Amino acid sequence: MTCEPAAGPAWRSYGTSRRSTRTVRVRVSVALVGGIVLAVLLVPPLVQLDQQAVDLGAKLLPPSWSHPFGTDDLGRDLLLRCIYGLRVSLLVGVAAALTATVIGTAVGATAGALGGWVDRGLMRVVDTVASVPHLLLGIFIVAMFRPGLWPVVVSVALTHWLSTARIVRAEVLSLRSHPYIDAAVSGGASRWRVAVRHLLPAVLPQAALAAALMVPHAMWHESALSFLGLGLPTHMASLGNLIQDARGSLLAGQWWPTLFPGLFIIVPTLAIAGLAGAWRERINPRRRSELML
């Protein structure tokens with residue numbers, strides 16, 4: 001009679017491999033996010049070059065030592081313009097994500113804490129807004145203002161608070177069944193006091209995670225609006241504007257004016273997603289144990 005080999009060591013080895021892979025992913029994400037933050041904060045004040053300076057004699061030069069990302073159709077250095085564009089896009093993304101998170105947290109916490117007709121009414125509002133495509137609603141909001149930074153922030157924020165509201169509401173409804181909430185209500189605490197003192201602090205980690213995940217989403221949304229000519233003014237070096245300006249160059253065979261601004265959107269998205277994934281595993285132990293199998 002033969003004995004089956006024990007499966008324990010293999011599972012432990014697999015779990016160790018998963019943990020090491022996750023550690024590498026987090027370290028790479030931290031390095032990328034740190035490099036991005038340092039670049040957008042330090043390069044503009046330290047590099048004494050005008051990113052709007054036109055040099056028609058150096059137009060559409062391919063990547064080289066003097067211009068690592070090449071130049072655009074007006075001879076402007078693409079590396080410098082990509083950093084300035086990332087700075088603007090990150091500002092839009094962070095401002096829109098924070099605004100949307102505040103709105104979504106307020107709506108979700110109110111609906112979950114009060115329940116009844118307030119919950120039903122707020123959720124109907126959420127369902128109604130969610131039924132309209134984000135980009136279409138964003139275009140409608142931006143069209144009511146002149147092109148500028150804050151109309152884009154308002155547009156992105158007003159179209160991205162819905163998921164946060166649903167997450168916070170679900171978390172509040174789950175917390176309402178805990179014994180300490182029943183004890184607070186039995187002790188005479190009002191619903192608003194329970195919500196502010198007990199429920200809201202408990203859902204803040206989930207809300208912060210939603211805000212972190214919303215930053216790259218907001219950056220993509222801003223880039224889409226700017227690419228369509230409805231976002232930031234054309235003279236402002238956002239990543240969406242850089243890609244929009246490079247359409248003619250791409251058709252003519254110059255790939256670098258499109259590639260590098262696109263990478264400046266993709267790389268921050270992957271880095272922030274890697275950090276947010278590690279954060280989600282930390283604040284949700286059950287999810288973390290499932291991923292370690």
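The values are calculated or read from the model by the stated rules, or taken from the named source; none is laboratory data. Only a predicted model underlies this, so the values are computations on that prediction, with no experimental measurement involved. All Cβ positions, glycine included, derive from the backbone under ideal geometry; neighbour counts span all protein chains shown. Only protein heavy atoms, including side chains, enter the accessible area calculation; ligands, DNA and RNA are left aside. Shrake-Rupley method; radii C 1.70, N 1.55, O 1.52, S 1.80 Å.
Couple of notes before you dig in:
- Selection status of Ser163, modelled with pLDDT of 80 or more, under 17 Å from the mean Cα position of the chain (by Cα), in a helix (DSSP H, G or I) and crowded, with 21+ Cβ neighbours inside 10 Å: no
- Residues located in the stretch 53-62, provided they are in contact with a helix residue (DSSP H, G or I) (Cβ under 7 Å, 6 or more places away or on another chain) and surrounded by fewer than 16 Cβ atoms within 10 Å (Cβ to Cβ): Pro62
- Unmet requirement for Leu230, which otherwise passes all of (1) closer than 26 Å to Val102 by Cα; (2) of a type in the set (A, V, I, L, M, F, W, C); (3) part of a helix (DSSP H, G or I); (4) open to solvent by 10 Å² or more (accessible area, probe 1.4 Å): (3)
- Index of the failed condition, Val125 passing every other in (1) at pLDDT 90 or above; (2) in contact with a Leu (Cβ under 7 Å, 6 or more places away or on another chain); (3) of a type in the set (A, V, I, L, M); (4) open to solvent by 40 Å² or more (accessible area, probe 1.4 Å): (2)
- Verdict on Gly57 being assigned to a helix (DSSP H, G or I) and more than 30 Å from the chain's Cα centre (by Cα): yes
- Within the stretch 95-118, tally of residues that are open to solvent by 20 Å² or more (accessible area, probe 1.4 Å), in contact (Cβ under 8 Å) with a residue 12 or more places away in the chain and more than 22 Å from the chain's Cα centre (by Cα): 2
- Qualifying positions in the stretch 67-83 - open to solvent by 30 Å² or more (accessible area, probe 1.4 Å) and farther than 17 Å from Gln254 by Cβ: none
- Filter result (assigned to a loop (DSSP other than H, G, I, E, B), open to solvent by less than 90 Å² (accessible area, probe 1.4 Å) and either at pLDDT 85 or above or over 18 Å from Leu91 (Cβ atoms) (or both)) within the stretch 131-156: Ser131, Val132, Pro133
- Selection count where residues are open to solvent by less than 50 Å² (accessible area, probe 1.4 Å) and more than 18 Å from the chain's Cα centre (by Cα), scope the stretch 189-227: 6
- Residues of the stretch 266-293 classified as surrounded by 13 or more Cβ atoms within 10 Å (Cβ to Cβ), aliphatic (A, V, I, L, M), at pLDDT 80 or above and out of contact with any Pro (no Cβ under 8 Å at 6 or more places or on another chain), total: 4
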